[in-house]
Amino acid sequence: MNTALKHWREAATVILAAGMRRTQSVDSLRAGVDTFTAPTQTDLPDKAAFDYRVLLLKRSGKSGFMPNAYVFPGGLVDSSDFSSEWQEIFKSFTKAPNYGIGVVRQPPATRPPIFATDRAKLGSPLPGDVAFRICAVRETFEESGVLLVVPKHEENTIHVHTTDENDWDTQPTLTRLSGAWDEHVLSRWRSLVIDNSANFIKMCKELQCLPNIWALREWGNWLTPTGVYDKHRRYDTAFYICCLLDTPHTLEDEKEIVHFKWSTPSEVLHSYKSREIWIAPPQFYDLGRTCRFPALRDLHSFACKRSLEGCEQWLPIRLLCTDGYISLLPGDAQYPENVDFSGKSGSTVRSEKSLEDLQRDSSNLHRIVFQDPYTTSVHMNITPKYNHVPPLCSAAVDGQSKNTSKL
């Protein structure tokens, strides 16, 4: 499994969920989703059934990877994210296990390589999970102007995880953004960081702040399918989630990002189904997961409790059939036993059967089914690992409704 690091470029992304002022109570929001049933795959929870929105950024049409797609903020890891200079900035936390972000319960042998790799052997004193969080914070600042940092004088308010398991269930409050710096100062630094990622370290030193790595919760790990996009653009991406109390001011970088949207999870999926925007399969799947939580505090509570359980590494395997295609995920009955992570043999399987036949022939289902790039549904009748949740359950597959998710 560790060989996968040789074939994928490492990246980090964050699902940024931010509260908005609503008069609905949490109970009424929950009831709106708990009673939801969808007779067809085009039905979704009401757009307004949430008290928060998520940030999506539209990639430039000139981008070499997924042009015009709406994505979560994030990007490639830079060598500066692993710099030893961060030790001085985080000096109050270097003795805490994993800098206080917590040590997951998942056995090391089953951890995805992006998290399990010993970075000290690669020349970095920082734990990988710390560096990837720094990357996610930096990229979010570059792409959207949202700065997830904690002023140095407030570091004693940070909730630090210890090795005491009773501490793991303690939930910090929703994240507040600092207003310690005016827009002109941040705009200047943002331009410098966009020009050179290493300037993010200089910015944190000069502004006396720390990247808020503690506000990010581990959510998942997706690998770019080989043979689907440019073979030279394959990414091993750490997915995090961060819940903000209020929706911040946002500005696109006018380079890679040309537009942004703050929308409820259901609103994004409505727009996707109506072909107004295009989102990639990981965004589709994970927005379906967030649809289970209409109240931001419930999403935050779940993310806090679940993040220290760990996650699976997912490499989707593309199964082409006569009337569409399927993206197979681990746990599906048709997912290959031996996956070629090098990509040399490709990750596409062909079948002369139809989508309906392939659904009927499988017992364990964990797949994303595509009739076309906008007619998409998740089919799942297995229990997610590491206490995660499947995308919102809404319809049956061939009469089997248990844990079947269709959006």
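Using a simple spin-label model with pseudo-atoms 7 Å out from Cα toward Cβ, Arg9 and Glu309 lie 3.3 nm apart.
With a Förster radius of 41 Å applied to the C-beta separation of Ala69 and Asn156, the computed FRET efficiency comes to 0.50.
Express in nm, to one decimal, how much length is gained between Ser351 and Glu183 on full extension, taking 0.36 nm for each residue of separation and deducting their alpha carbon distance. Contour length minus the Cα-Cα distance gives 54.9 nm.
Among the listed pairs Lys95/Lys305; Lys261/Lys385; Lys273/Lys353; Lys58/Lys353, a Cα-Cα separation exceeding 27 Å is found for Lys261/Lys385; Lys58/Lys353. Exposure proxy ranking for Trp181, Trp222, Trp189, based on other Cβ atoms within 10 angstrom of each Cβ and starting from the fewest, stands as Trp181, Trp189, Trp222. Distance between the 7 Å Cα→Cβ label points at Asp195 and Val258: 2.6 nm.
For the stretch 240-307, the list of trypsin sites (Lys or Arg not before Pro) that fall in a loop by DSSP and count at most 15 other C-beta atoms within 10 angstrom reads Lys255, Arg275.
When Thr322, Thr140 are sorted by how many other C-beta atoms sit within 10 angstrom of their C-beta, beginning with the fewest, the order is Thr322, Thr140. Fewest-first ordering of His366, His270 by other beta carbons within 10 Å of each residue's beta carbon gives His270, His366.
Efficiency by 1/(1 + (r/R0)^6): what FRET value for His249 and Lys95, r their Cβ-Cβ distance, R0 = 45 Å, to the nearest 0.05? Once rounded, the FRET efficiency stands at 0.80. Cβ-Cβ distance of Thr375 and Asp46, R₀ of 25 Å, FRET efficiency by 1/(1 + (r/R0)^6): the value works out to about 0.75. Rg over Rh for the stretch 314-380 works out to 0.94, using Cα positions for both radii and the Kirkwood form for Rh. By the gyration tensor of its Cα atoms, with a ≥ b ≥ c the square roots of the eigenvalues, what is the shape of the stretch 272-356: rounded for a/c under 1.5, prolate for a/b over b/c, or oblate? Here the stretch 272-356 falls in the oblate category.
Rule-based calculations on the coordinates, nothing more; no lab input. Just so it is clear, the structure is predicted and the values come from calculations on it, not from any experiment. No Cβ is skipped: glycine too gets one built from the backbone with ideal geometry, and neighbour counts run over all protein chains shown.
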